[in-house]
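Trainee: Submitted below is the structure of interest, expressed as structure tokens.
The values are calculated or read from the model by the stated rules, or taken from the named source; none is laboratory data. Model, not experiment: these values are computed from the prediction. Because the Cβ atoms are built from the backbone with ideal geometry, glycine has one as well, and the counts that use them run over all protein chains shown.
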Amino acid sequence: MNAIPSQVQNSTAFDLAEVNARLGRNAQGLVDWAIGLHRPAIVTTNFRPFEAVILHMVTRTQPDVPVVWMDNGYNTEATYRFADEVTRQLKLNLKIYLPLRSRAHREAVEGPTPALDDPRHAAFTEEVKLEPFTRALRETAPQVWFTALRATDTAVRAQMEPVSVNPDGLIKVAPLLHWSSKDLHDYCVQHGLPNNFDYVDPTKGEDNRECGLHITH
């Protein structure tokens with residue numbers, strides 16, 4: 001039986017294999033189940049295309065759930081406008097985590113974003129994404145983490161299950177893991193949600209490349 005680690009067990013333990021088999025392709029059912037564990041939860045977002053789906057899905061079950069955004073400072077104008085629009089429409093409890101240095105400060109000292117093959121790129125990713133996320137986890141102290149990752153994003157994510165448990169006991173829930181872009185589009189249309197396609201992640205640089213967030217956490 002794949003039960004959760006003892007450090008996060010309470011009166012509600014569960015069998016990972018059973019949950020994934022029963023709810024792995026029922027996105028809203030999976031969200032409702034995870035919220036029903038009655039453990040501190042967060043949902044992370046980067047306001048990329050179709051992010052309104054996971055935000056709508058989770059907040060319709062728990063309206064005040066903390067929504068954690070690691071704003072790396074390199075987002076497009078459209079992404080910032082989209083973030084504001086979704087936050088207003090869904091009344092998000094948005095928690096913004098910024099790098100310890102501003103983009104202007106970093107670029108004044110070190111220059112433009114390092115290329116993917118530049119040895120400095122790993123340090124850049126750590127500074128603008130991984131450290132803020134580690135800080136967010138420390139400050140929000142969740143036991144459940146909702147994420148919009150999808151199996152089609154990267155090879156690493158294609159091997160994941162909708163529900164998994166990290167070594168530290170954090171329960172990671174990916175309700176949209178098996179959704180297609182058409183599924184996401186149809187959901188946005190059905191619920192009148194905005195979208196954003198002008199999105200760039202400087203830590204990935206290209207599609208189907210991991211930034212490290214779902215490898216290290």
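Trainee: Take the residues in the stretch 22-59 that are at pLDDT 95 or above and small (Gly, Ala, Ser), then tell me which one is nearest to residue 200 (Cα to Cα).
Mentor: Checked the stretch 22-59; the qualifying residue nearest to residue 200 (Cα to Cα) is 52.
Trainee: Of the conditions (1) touching a residue at least 24 places away in the same chain (Cβ under 8 Å); (2) in contact with a Ser or Thr (Cβ under 8 Å, 6 or more places away or on another chain), residue 158 fails just one. Which one is it?
Mentor: Status for residue 158: all satisfied but (1).
For (1) under 22 Å from residue 136 (Cβ atoms); (2) under 17 Å from the mean Cα position of the chain (by Cα), each residue gets a yes or a no:
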site	(1), (2)
79	yes, yes
84	yes, no
87	yes, yes
96	yes, yes
101	yes, no
108	no, no
111	no, no
117	no, no
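Trainee: Out of the residues in the stretch 139-161 meeting the condition of being small (Gly, Ala, Ser) and at pLDDT 90 or above, tell me which one is farthest from residue 34 (Cα to Cα). Explain how you work it out, then say what you get.
Mentor: Kept after step one, since they are small (Gly, Ala, Ser), are these residues of the stretch 139-161: 141, 148, 151, 155, 158.
Adding the requirement that they be at pLDDT 90 or above leaves 141, 148.
Working: 141: 16, 148: 14 Å.
The residue in question is 141.
Trainee: I've got another one for you. From the residues in the stretch 162-213 that are at pLDDT below 95 and of a type in the set (Lys, Arg), which one is surrounded by the fewest Cβ atoms within 10 Å (Cβ to Cβ)?
Mentor: 209
Trainee: Looking at the stretch 67-81 only, could you name the residues that are farther than 16 Å from residue 196 by Cα and in a loop (DSSP other than H, G, I, E, B)? So that I can check it myself, show each step before the final result.
Mentor: Just the residues of the stretch 67-81 that are farther than 16 Å from residue 196 by Cα, to begin with: 67-68, 70, 72-73.
Answer for the stretch 67-81, where residues must be farther than 16 Å from residue 196 by Cα and in a loop (DSSP other than H, G, I, E, B): 72, 73.
Trainee: Of the residues 173, 165, which is more than 15 Å from residue 43 (Cα to Cα) and hydrophobic (A, V, I, L, M, F, W, C)?
Mentor: On the way: 173 fails: more than 15 Å from residue 43 (Cα to Cα).
Answer to the check: 165.
Trainee: Then there is this: Being of a type in the set (Val, Ile, Thr) and either in contact with a strand residue (DSSP E or B) (Cβ under 6 Å, 6 or more places away or on another chain) or surrounded by 18 or more Cβ atoms within 10 Å (Cβ to Cβ) (or both) is the filter; apply it to the stretch 82-109 and report the residue that is nearest to residue 198 (Cα to Cα). Step through it out loud before you land on a result.
Mentor: The first filter runs over the stretch 82-109 and keeps only residues of a type in the set (Val, Ile, Thr), leaving 86-87, 96, 109.
Right, trim to either in contact with a strand residue (DSSP E or B) (Cβ under 6 Å, 6 or more places away or on another chain) or surrounded by 18 or more Cβ atoms within 10 Å (Cβ to Cβ) (or both) and you get 86-87, 96.
On the way: 86: 15, 87: 18, 96: 20 Å.
Once the filter is applied, the top-ranked residue is 86.
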